[in-house]
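Data block below; observations after.
What follows draws every value from the coordinates through simple rules; no lab data is involved. Quick caveat: nothing in here was measured; it's all calculated off a predicted structure. Virtual Cβ from ideal backbone geometry, glycine too; neighbours counted across all protein chains shown.
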Amino acid sequence: PPKFSDLLIALHAQYTSHWTLRQMADRVYVSPSCLITWFKRYTGTTPIDYLNRYRAHRADTLLRTTDRPITDIALETGFDSPSYFIRVFRKYYHIAPRQVRHDGKSKKS
């Protein structure tokens, strides 16, 4: 199997970068389809889903610990647009980012 630890370290360190599936696959010297297969086998999810989940986690932390605008947090955590960020955040936390601030808590999936 490819050396996924190198990829995971890179994704965590550079989560704000605009990663493509091809870039991830190249990082571990496999094809994108091979990467998806192996990644799912070892993590239970796709590489892009894994990255989005990590970004959402980082955003959740910022929402709870800062008063920065949601748009700024979305862009700072690697999302291309605030609307995409809101969709992804809802997918994992089942709550809108603005409600994290309002309620002071969110539910992880």
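Once label points are set 7 Å from the Cα along Cα→Cβ at both THR65 and THR43, what is their separation, rounded to one decimal in nm?
Label at THR65, label at THR43, 2.2 nm between them.
At 1.567 mPa s and 4 °C, plugging the Kirkwood radius over alpha-carbon pairs of region 34-106 into Stokes-Einstein gives what diffusion coefficient in µm²/s?
Values: Rh = 12.7 Å.
Here the translational diffusion coefficient equals 102 µm²/s.
Based on Cβ point charges of +1 for Lys and Arg and -1 for Asp and Glu, what charge dipole magnitude is obtained for the chain about its Cα centre, in debye rounded to the nearest 20?
400 debye
Choose one of ILE36, ALA13, SER81: the residue whose Cα lies farthest towards the positive end of the charge dipole of the chain (beta-carbon charges +1 Lys, Arg; -1 Asp, Glu; about the Cα centre).
Comparing the listed Cα positions along the dipole, ILE36 ranks first.
Just to check I understand the Karplus step: with θ = phi - 60° and J = 6.51 cos²θ - 1.76 cosθ + 1.60, what whole-Hz values come out for region 88-95, glycine and proline as x?
5, 4, 4, 4, 8, 10, 6, 7
Once you put a point 7 Å from the Cα of SER5 and another 7 Å from the Cα of LEU75, both along the Cβ direction, what distance in nm separates them?
Taking the two extended label points, one gets 3.8 nm.
Using 0.36 nm per residue, how much length does the chain from ARG22 to HIS94 gain when fully extended, once their Cα-Cα distance is taken away? It would help to have the intermediate numbers written out before the result.
Numbers: separation 72, 0.36 × 72 = 25.92 nm, distance 2.97 nm.
Computed gain between ARG22 and HIS94 is 23.0 nm.
Output wanted: per-residue J couplings in Hz (rounded whole) for region 33-44, from phi through Karplus 6.51 cos²θ - 1.76 cosθ + 1.60, θ = phi - 60°, x for Gly and Pro.
With the stated coefficients, region 33-44 comes to 5, 5, 4, 4, 4, 5, 4, 4, 4, 9, 10, x Hz.
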